[in-house]
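The values are calculated or read from the model by the stated rules, or taken from the named source; none is laboratory data. None of these values were measured; they are calculated from a predicted model. Heads up, the Cβs are rebuilt from the backbone with ideal geometry, glycines too, and the neighbour counts pull from every protein chain shown. Keep in mind that these areas ignore ligands, DNA and RNA; they rest on the heavy atoms of the full protein, side chains included. Shrake-Rupley method; radii C 1.70, N 1.55, O 1.52, S 1.80 Å.
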Amino acid sequence: MTTTPVASALRAPELAALADSRTAHNYHPLPVVVEHAEGAWMTDVDGRRFLDLLAGYSALNFGHGHPALLRAAHTQLDRLTLTSRAFVHDQFGAFCAELGDLAGKDLVLPMNTGAEAVETAIKVARKWGYQVKGVADDQATIIVAHGNFHGRTTTVVGFSDDPDARNGFGPFAPGFVHVPYGDAEALAAAIDETTVAVMIEPIQGEAGVLIPPDGYLRAVRETCTANDVLFMADEIQAGLGRTGRTFACDHEDVVPDVYILGKALGGGIVPVSAVVADRDVLGVLRPGQHGSTFGGNPLACAVGREVVSLLSGGDLQARALELGELMRERLEALVGHGVHAVRSRGLWAGVDIDPAVGTGRAVCEALMERGVLAKDTHGSTIRLAPPLVVTAEDLSWGLDQLVDVVQG
Ligand SMILES: *Cc1c(COP(=O)(O)O)cnc(C)c1O
């Protein structure tokens, strides 16, 4: 074990101050300065170790430096990294086929960031609406949920109802209709002849890991089918093993028309996102109608293929279920003792801190002092999303620290 260096020798405060002075303040990071990481553990520039209970908002589901993912990336780096989509490369078809098979869908359209995949899904839904459903030109609407988080582009923040995300960035694109999250009747009532799609998160991550009532996703599926409307599930944060199943929709045995994937799809190495759907939906796009220079690049596809391979065995999903049970039991014991409420599914939890204990931020700062990294959201909620490779022992230790912090 390393011992804590004397304060005057610490590099972290200096580097944190440099970062703070030379970047836009669109984030308020904890003042930890990470230098390297392995598995569920990160080490800062001063040699202090931290258990990562955020996992890059689920982008690091397989942990830091997963050997198989690193091997795939290193091998591909030496072979071929970029062609653009003007040419086909040898990883492209295999990635699309393997990810399509994992999701049970015909086609995959790879992009880079989550927000781009959401934008892509919106374009596909509109095109499908005009071309297949026969909606009148420029009239297509998409139903979204209150409290949604789908990314940061201007179209996407335009249908956010978080004032920080939205205010000051208008004018916004029209064509989005809001309904309360988790209310299947309100959703059915909002559908009219202009509706081309319903786009929701199967669990709202950014909103604080909000889990809809049982049966909601199934009802959404039935309503969409009955009304010839696409069900688009934004599984960017919820999907790829996080909840103990490959997709969060799997918990209700629901298959959406469109999966929107990102975050963990890049294995914590490169940004990889994708829209995954059957031919009758994604097939509406013709050459020139959509694109991305980096989307589906060889390095992304090689890493993405390894991600799919890691998930196809089901071991990581099983692990998320098992460790998730441990986490849920520990967290539920805290309700009424420094914690107001806990919501969890698999290895993913939203913990509402009792304001008497402090803000979510204060709790995260106290956790950092104890060698645990987590992130607050919406003032008093802490989101826990450990890498799925965390050991039961390390996870237990991390939760011990949370118990100590909230119980003073
Ligand atoms: C993170 C996230 C996005 C946006 O992904 P980026 O890669 O940050 O653009 C979209 N939807 C959900 C549900 C997310 O969690």
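Values as computed for the structure displayed
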quantity: Neighbours by Cβ (under 6 Å, 6+ apart or cross-chain): first from region 133-149, at negative phi; second in a loop (DSSP other than H, G, I, E, B) and open to solvent by 30 Å² or more (accessible area, probe 1.4 Å); calculated: K133/D228; A145/Y181; H146/D161; H146/P180; H146/Y181; F149/E206
quantity: Residues that are without any contact (Cβ under 8 Å) to a residue 24 or more places away in the chain and either in contact with a Pro (Cβ under 9 Å, 6 or more places away or on another chain) or within 16 Å of the ligand (Cβ to nearest atom) (or both), drawn from region 32-73; calculated: V33
quantity: Qualifying residue in region 140-150 (condition: at pLDDT 95 or above, open to solvent by 50 Å² or more (accessible area, probe 1.4 Å) and in contact with an Asp or Glu (Cβ under 6 Å, 6 or more places away or on another chain)); calculated: yes
quantity: Selection count, region 269-284, where residues are away from the ligand (no atom under 14 Å from the Cβ), open to solvent by less than 10 Å² (accessible area, probe 1.4 Å) and not β-branched (V, I, T); calculated: 1
quantity: Region 210-251, residues that are open to solvent by 40 Å² or more (accessible area, probe 1.4 Å) and either closer than 18 Å to I143 by Cα or touching a His at 6+ places or on another chain (Cβ under 8 Å) (or both); calculated: R218, R221, E222, T225, A226, N227, D228, R245
quantity: When residues of region 104-125 are limited to those that are near the ligand (Cβ under 10 Å from one of its atoms) and small (G, A, S), the one least open to solvent (accessible area, probe 1.4 Å); calculated: A117
quantity: Conditions (1) over 19 Å from the mean Cα position of the chain (by Cα); (2) within 16 Å of L69 (Cβ to Cβ); (3) of a type in the set (V, I, T); number of the one not met by V272; calculated: (1)
quantity: The one condition in (1) crowded, with 20+ Cβ neighbours inside 10 Å; (2) away from the ligand (no atom under 13 Å from the Cβ) that V88 fails to fulfil; calculated: (1)
quantity: Residues satisfying the stated conditions in region 382-408, i.e. loosely packed, with under 14 Cβ neighbours inside 10 Å and aliphatic (A, V, I, L, M); calculated: A392
quantity: R126 being within 20 Å of A207 (Cα to Cα) and of a type in the set (K, R); calculated: no
